[in-house]
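Each remark here refers to the structure printed beneath this line.
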Amino acid sequence: MTYVDPLAVMLIGLGMGTFLSAFYYFFKARGNEEQIKNLIVPALGIGMFDFISGFYMSFAWPMTTYATPYNMLFGDPLLLFGILLMVSAVMVYKNMHLGMIPMLFVLLGIYVLVGAYSIVQLKLETGNDLITAMGLYLFDGIGAILAPIAYLKPEGSKKSAYYIEWIILGVGTIFALVIGYIALNGHLAAPP
């Protein structure tokens, strides 16, 4: 069996998913329900991609590729993020209240922040890779933990919480895309 390393496109898919999530909060703060509806189809598509690629990494990726268990560190949360993104899109499409979905994002955020701790404690990344990995895991983890902001009605001063979430997820998006594009260049230079 040939080993395939789709990490670059997976990171870009993650960035696309967090980008859509960030703009959910931005459009919600502005009261622009039509723009939120326009996020549904992209969220379903990107969510499906993130779920499938995370599933692939979780169950087929060599456990110690590059001496790091990336299947647990990155594949598992990507799989869960894909599921939550798709379910959220369906709930928005059906005009349903998000119910427990923001709380499930909190649980995912805790997983991601434990991953950030493990990256440092177990020295899974070093140098520039440590900085970018920590940026990705910290901002995405904090963004997921703050997902219950969605329970607040974006009125008055509460709008600022929505904008803060938009910024946090936006920064996480930038880290995911930067790492993904750097990985793309590295994989093109030396295919696995």
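The values are calculated or read from the model by the stated rules, or taken from the named source; none is laboratory data. Computed from a prediction, not measured in an experiment: that's the story for all the values here. Cβ placement follows ideal geometry from the backbone for every residue including glycine, while neighbour counts extend to all protein chains displayed. Surface accessibility is based on the protein's heavy atoms, side chains included, excluding ligands, DNA and RNA. Shrake-Rupley method; radii C 1.70, N 1.55, O 1.52, S 1.80 Å.
Taken over segment 129-148, the residue count meeting the criterion of being open to solvent by 30 Å² or more (accessible area, probe 1.4 Å) and in a helix (DSSP H, G or I) is 10.
The residue list Tyr151, Tyr111, Tyr93 contains one member that is touching a residue at least 24 places away in the same chain (Cβ under 8 Å) and exposed (fewer than 13 other Cβ atoms within 10 Å of the Cβ), which is Tyr151. Contact annotation: residue pairs with Cβ atoms under 7 Å, 6 or more positions apart or on different chains, pairing a residue in segment 1-12 that is part of a loop (DSSP other than H, G, I, E, B) with a partner that is modelled with pLDDT under 85, are Tyr3/Pro62; Tyr3/Pro192; Asp5/His187; Asp5/Pro192. Taking only segment 114-128 into account, find how many residues are assigned to a loop (DSSP other than H, G, I, E, B) and crowded, with 17+ Cβ neighbours inside 10 Å. Final tally of qualifying residues: 2.
Against the criterion of being under 18 Å from Ala147 (Cα atoms), of a type in the set (A, V, I, L, M) and either part of a loop (DSSP other than H, G, I, E, B) or at pLDDT below 90 (or both), Leu80 does not qualify. Only one of the numbered conditions (1) polar (S, T, N, Q); (2) modelled with pLDDT of 90 or more; (3) over 22 Å from Met48 (Cβ atoms) is not met by Ser88, and that is (3).
Quick one: would you say Leu39 is at pLDDT 95 or above, open to solvent by less than 60 Å² (accessible area, probe 1.4 Å) and of a type outside the set (Val, Ile, Thr)? Give the derivation first.
Values: at pLDDT 95 or above: yes; open to solvent by less than 60 Å² (accessible area, probe 1.4 Å): yes; of a type outside the set (Val, Ile, Thr): yes.
Answer is yes for this residue.
Listed conditions (1) open to solvent by 80 Å² or more (accessible area, probe 1.4 Å); (2) over 17 Å from Phe19 (Cβ atoms); (3) touching a residue at least 60 places away in the same chain (Cβ under 8 Å) are all met by Lys159, apart from (1). Are any residues in segment 162-179 closer than 18 Å to Gly82 by Cβ, of a type outside the set (Gly, Ala, Ser) and crowded, with 23+ Cβ neighbours inside 10 Å, and if so, which ones? The answer is Leu169, Thr173.
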